[in-house]
Amino acid sequence: MRTGIATVCLSGTLKEKMQACAIAGFDGIEIFEQDLVTSPLSPEEVRKMAADLGLGLDLYQPFRDFDGVTPDLLKANLKRAEAKFNLMERLGMDTILVCSNVATATIDDDHLRAEQLAELAALAGDHGVKVAYEALAWGKYVNDYEHAYRLVEMVDHPNLGTCLDSFHILSRDWDTAPIENINAEKIFFVQVADAPKLSMDVLSWSRHYRVFPGEGQFELAKFMGHVVRAGYTGPVSLEVFNDVFRQSDVERTAVDAMRSLIWLEEQSAKWLASTALETGTAAGNGSASRRRYPMELATLPKVNEPAGFNFAEVKADDTAQLEKLLGQLGFEFEGRHRTKDVQLWTMGQARVIINEQAAQHAEPAIAALGFDVDSPVIASARAQQLKAPVVARKVQADEEVFQGISAPDSTEIFLCQGSPDGTAAWTHEFGEGLEHAGAGQTAVIDHVNLAQPWQHFDEAVLFYTSALALEPQPFAEVPSPSGLVRSQVMQTGNKAVRLVLNLAPAQQAEKARKTYQEHIAFAVDDLVATARGARDRGLEFLQIPANYYEDLDARFDLEPGFLATLKELNLLYDRDASGEFLHFYTATVGSVFFEMVERRGNYDGYGAPNAPVRHAVQYDSLHRV
Ligand SMILES: O=C(O)c1ccc(O)c(O)c1
Ligand SMILES: [Mg+2]
């Protein structure tokens, strides 16, 4: 698959963008007119720079408002087009994108449109240029890709084809299956963009909220599958208008973009294989499902969703507060590592490493997460092919080698060998625990909430989706005293791994951002007993306001004794059709706090209705000091 990206996706100057695209490994780029017009580089210099960087200049765009116009306007438009064709010759480019008219079209007549496009195609032919006609989702008369293709067919000129842009097609919910009926020779270009499902006008949605594939909710593998089945072999190019990407680090965004195409390529191959099986073309013969299409799709080392959390690691310069908190919760101190300055604390299968190797004065913070995977070697190879940075850990002889990668928020992700009984192979590296103060409870890590820097949120969604096979759930927005907190759950199908990515309101300072959001939650069998034990050991609970319990009673009509217990222990409660959820939070140390939860029945949420209460109480405690 030939990879491409439009310069409009990135921040910086044309030169910086081109350099970043080359570093990220793109085959080619689309030059957005704005980027050329504002560049000090001459077209010849751009051409030379692209050649030297090994980047193809695959598409010049956009050329606007051409078709469906009065004769006078047509004349002016053809003149305008000729100037661009001459420019393209200097750039050494042969394909231009012409989007359907949104502003100046006054005549809604396909025959007239076809005549005018035929004039354009003839002129393009004289200049050796190919015109890729794209239906914008908000085009005045042409806003449907099948309509655009009908016009291309009516014109039937070798220099006129169509451009398929996933955003314009999927934002309008057009059926993608008919893409397969398009003559591949008439598909001059394919652009891909994902987007979150938002209910707003399609132009604003397109200009501000497009994201890279895997970061939104469009069915892009299916879209691409149809494109591949049509027989298309040209560039698959990202065209993402996004307010955040346009202002974040250009090289980093280019890598995020490249990751999205590597992942999409794999997902498209998977979609094709699965539909071949469904439609019976495989006919019981495995090789038939690998039917070859003109476009070659590369695959990646396979990874299944993780079977569970292997451990969570918290780091601090002074670890006393963390030790105290875990002890009060009922964790057992298992001992120190034989060569490293780290401690292991456990409750059942929930393992927490306290890392003492933090920078001076560094406050407690979540530093690493371990996940149980089928094969750490394969999972690590996959992550590296997806351009995840590798994390090096010093190991001595006989110690478990952890395959680590760095997540977009710098949390270290370790890919660990899972075991069927939920134990971890490395715990014997820790000395005998000196004290066993624990309550001997069974527990597992239920979920982990990580605060994402605003400019890396979408990147994080793609990272966990592509490298770890977590599935993004529709995001929610949780009110807090300082603004809405965007909350995105990433989880495995079997719910053994639940990761919640939170994006704090922009005005929150870095410390507050982390303090509100980052925590590790442990699931126990009897939360009331856990809470009582913790209280007896002097745990400082997050104090829940009395108003909350009044509202709870009104909503759920709870048994008075149960309600009194919840109130007495600062427990929060939620219920849905499939079960109940009890939980409580500890006070925050540094930028981390802990949560204990009990899931009853098949309750599958996170107590979302209670999140605003937590945010408000934490805000209060932060602003008191
Ligand atoms: O938003 C636009 O105007 C615009 C321009 C060119 C494109 O290819 C596109 O998809 C959108
Ligand atoms: Mg487009």
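Every read-out reported here was derived from the displayed coordinates using simple, explicitly stated rules and does not represent laboratory data. No experiment lies behind these values; they were computed from the predicted model shown. Note that we place each Cβ from the backbone using ideal geometry, even for glycine, and neighbour counts take in every protein chain shown.
Could you give the length gained on full extension between A362 and K270, defined as 0.36 nm per residue of separation minus the Cα-Cα distance, in nm?
Gain on extension, A362 to K270, equals 28.7 nm.
Using alpha-carbon positions, what is the distance between the centroids of segment 548-602 and segment 59-118, in Å?
62
Lysines within cross-link reach of K270: Cα-Cα under 18 Å, excluding same-chain residues under 8 positions apart?
Within the straight-line cut-off, K270 pairs with K222, K302.
Rounded to the nearest 0.05, what FRET efficiency do D551 and D175 have when you use their Cβ-Cβ distance and R0 = 35 Å?
Taking R0 as 35 Å, the efficiency between D551 and D175 is 0.15.
Within segment 126-223, which GluC sites (Glu not before Pro) sit in a loop by DSSP and count at most 11 neighbouring Cβ atoms inside 10 Å?
Of the GluC sites (Glu not before Pro), not one in the loops of segment 126-223 has a Cβ with at most 11 other Cβ atoms within 10 Å.
In what sequence, highest mean first, do 252-263, 91-102 appear when ranked by Cβ atoms within 10 angstrom?
For the peptides 252-263, 91-102, the packing ranking is 252-263, 91-102.
Would you compute, from DSSP H runs of 4+ residues alone, the mean residue ellipticity of the chain at 222 nm, taking -39500 (n - 2.57) per run and dividing by the full residue count, rounded to the nearest 500?
Value at 222 nm, helices only: -10500 deg cm²/dmol.
For segment 152-236, state which trypsin sites (Lys or Arg not before Pro) are in a DSSP loop and have at most 14 other beta carbons lying within 10 Å of their beta carbon.
Passing sites in segment 152-236 are R172, K197.
What Kirkwood hydrodynamic radius do you get for segment 2-291 when you take the inverse of the mean 1/r over all pairs of distinct Cα atoms, in Å?
19.4
How big is D, in µm² s⁻¹, for segment 306-447 by Stokes-Einstein at 20 °C and 1.002 mPa s if Rh is the Kirkwood radius over C-alpha pairs?
D = 137 µm²/s.
Using modelled amide H (1.01 Å from N, peptide plane; none on Pro or chain starts), what sits under 5 Å from the amide H of E334, excluding residues fewer than 5 places away?
Those lying under 5 Å, H to H, from E334 are L344, W345, T346.
Treating only the Cβ of Lys, Arg, Asp and Glu as charged (+1, +1, -1, -1), what charge dipole size does segment 413-505 show about its Cα centre? Round to the nearest 20 debye.
300
Is the C-alpha gyration tensor of segment 308-624 telling us rounded, prolate or oblate? Criteria: a/c under 1.5 is rounded; beyond that, a/b larger than b/c is prolate, otherwise oblate.
prolate
Assuming 0.36 nm per residue, please report the length gained on full extension of the stretch R600 to A103 beyond their Cα-Cα distance.
The R600-A103 span can extend by a further 173.2 nm.
Per 10 Å bin, what is the whole-percent P(r) computed from every C-alpha pair distance within the chain?
Each 10 Å bin holds this share of Cα pairs: 3, 15, 23, 21, 16, 12, 7, 3, 0, 0.
Given H placed 1.01 Å from N in the peptide plane, which residues other than close sequence neighbours of R210 have an amide H under 5 Å from its amide H?
F241
On a straight-distance basis, which lysines could pair with K79 in a cross-link, Cα separation under 26 angstrom, same-chain partners fewer than 8 positions away excluded?
List returned: K130, K140, K186.
Kindly rank 239-250, 293-304 from highest to lowest mean number of other beta carbons found within 10 Å of each residue.
Averaged packing, sorted descending, gives the order 239-250, 293-304.
On the first, second and third principal axes, largest extent first, how far apart are the outermost C-alpha atoms of segment 549-611 in Å?
So the three principal-axis extents are 37, 25, 16 Å.
Mind checking the angle between helix 110-126 and the chain's longest principal axis? C-alpha axes, 0 to 90 degrees, to the nearest 10.
Helix 110-126 sits roughly 80 degrees off the main axis of the chain.
Report the relative contact order of the chain, percent, no decimals, based on alpha-carbon pairs under 8 angstrom and at least 6 residues apart.
Taking the mean separation of contacting Cα pairs over the length of the chain, I get 10 percent.
Expressed as an acute angle from 0 to 90° and rounded to the nearest 10, what is the orientation of the C-alpha long axis of helix 145-155 relative to the principal long axis of the chain?
Approximately 20 degrees, to the nearest ten.
Once amide H atoms are built 1.01 Å from N in the peptide plane, which residues 5 or more positions from R2, or in another chain, come under 5 Å H to H?
V236
In whole Å, how far is the Cα centre of segment 134-188 from that of segment 1-45?
If we compute the Cα centre of each part, the gap is 25 Å.
Could you grab the relative contact order for segment 559-625? Cα pairs under 8 Å, six or more apart, rounded to a whole percent.
The normalised contact order for segment 559-625 reaches 25 percent.
Enumerate lysine pairs in segment 308-624 that are 8 or more residues apart or on different chains, then count those whose Cα atoms are under 17 Å apart.
Total qualifying Lys-Lys pairs in segment 308-624 comes to 6.
Using the Cα gyration tensor of segment 3-55, with a ≥ b ≥ c the square roots of its eigenvalues, what is the shape: rounded (a/c below 1.5), prolate (a/b larger than b/c) or oblate (neither)?
It is oblate, given that a/c is not under 1.5 and a/b is not larger than b/c.
Rounded to the nearest 5, what is the percent of antiparallel bridges among the DSSP beta bridges in segment 308-624?
Approximately 75 percent, going by the DSSP bridge assignments.
I'd like the orientation of helix 320-329 relative to the chain: the angle between its Cα long axis and the longest Cα principal axis, in ° from 0 to 90, rounded to 10.
Taking the Cα atoms of the chain, the angle to 320-329 is about 80 degrees.
Can you tell me how segment 25-141 classifies by the Cα gyration tensor, rounded, prolate or oblate, using a/c under 1.5 as the rounded cut?
Since a/c reaches 1.5 and a/b is larger than b/c, the shape of segment 25-141 is classed as prolate.
Suppose a student asked you for the relative contact order of segment 18-100, using Cα pairs under 8 Å spaced at least 6 residues apart; what percent would you report?
37 percent.
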